[in-house]
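These notes are about the structure you will find just below.
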Amino acid sequence: DTGLINLGIPGAGVVQMRDVEAPLAKEADPDLITVFAGGNDLVGGKGVADFEGVLSELLDELRNETEAFI
């Protein structure tokens, strides 16, 4: 069986992805996680270093706390 859960929040930046979407993704126990990040942060004026740091935290959390292919 295959299912799809779209946890995307329109307009979300990487901080919201880490703080809101990641916990829901971990709870769902997925086999595959796709992450599409950066556009909203760029439009919102987030600095590259800040974006990179939070994205790194998000990916580390998903890698360490799920068995999903990311």
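The values are calculated or read from the model by the stated rules, or taken from the named source; none is laboratory data. The structure displayed is predicted, hence computed values, not measured ones. Methodologically, a virtual Cβ is constructed for each residue, glycine included, from the backbone with ideal geometry; neighbour enumeration extends over all protein chains shown. For the accessible areas, the whole protein counts, side chains as well, though only heavy atoms, and no ligand, DNA or RNA atoms are used. Shrake-Rupley method; radii C 1.70, N 1.55, O 1.52, S 1.80 Å.
Kindly indicate whether residue 15 is β-branched (Val, Ile, Thr), in contact with a Lys or Arg (Cβ under 7 Å, 6 or more places away or on another chain) and touching a residue at least 24 places away in the same chain (Cβ under 8 Å). Write out each step before concluding.
Working: β-branched (Val, Ile, Thr): yes; in contact with a Lys or Arg (Cβ under 7 Å, 6 or more places away or on another chain): no; touching a residue at least 24 places away in the same chain (Cβ under 8 Å): yes.
So residue 15 does not fit the description; no.
Cβ-Cβ under 9 Å, sequence separation 6+ or interchain: first residue in the range 50-61 and free of Cβ contacts under 8 Å to residues at least 40 places away in the same chain and farther than 11 Å from residue 37 by Cβ, partner open to solvent by 40 Å² or more (accessible area, probe 1.4 Å) and not aliphatic (A, V, I, L, M). Which pairs?
Matching pairs, first to second residue: 57/18.
Among the residues in the range 4-19, are any in contact with a strand residue (DSSP E or B) (Cβ under 9 Å, 6 or more places away or on another chain) and open to solvent by 50 Å² or more (accessible area, probe 1.4 Å)?
Going residue by residue through the range 4-19, those that are in contact with a strand residue (DSSP E or B) (Cβ under 9 Å, 6 or more places away or on another chain) are none.
The answer is no; no qualifying residue exists.
Output the residues belonging to the range 35-45 that are open to solvent by 50 Å² or more (accessible area, probe 1.4 Å) and either among the β-branched types (Val, Ile, Thr) or within 18 Å of residue 6 (Cβ to Cβ) (or both).
35, 36, 40, 43 - these are the residues of the range 35-45 that are open to solvent by 50 Å² or more (accessible area, probe 1.4 Å) and either among the β-branched types (Val, Ile, Thr) or within 18 Å of residue 6 (Cβ to Cβ) (or both).
Of the residues 55, 32, 62, which single one is surrounded by 13 or more Cβ atoms within 10 Å (Cβ to Cβ) and under 25 Å from residue 1 (Cα atoms)? Before you say what the answer is, go through the steps one by one.
Numbers: 55 fails: under 25 Å from residue 1 (Cα atoms); 32 fails: surrounded by 13 or more Cβ atoms within 10 Å (Cβ to Cβ).
Within the list 55, 32, 62, the selection yields 62.
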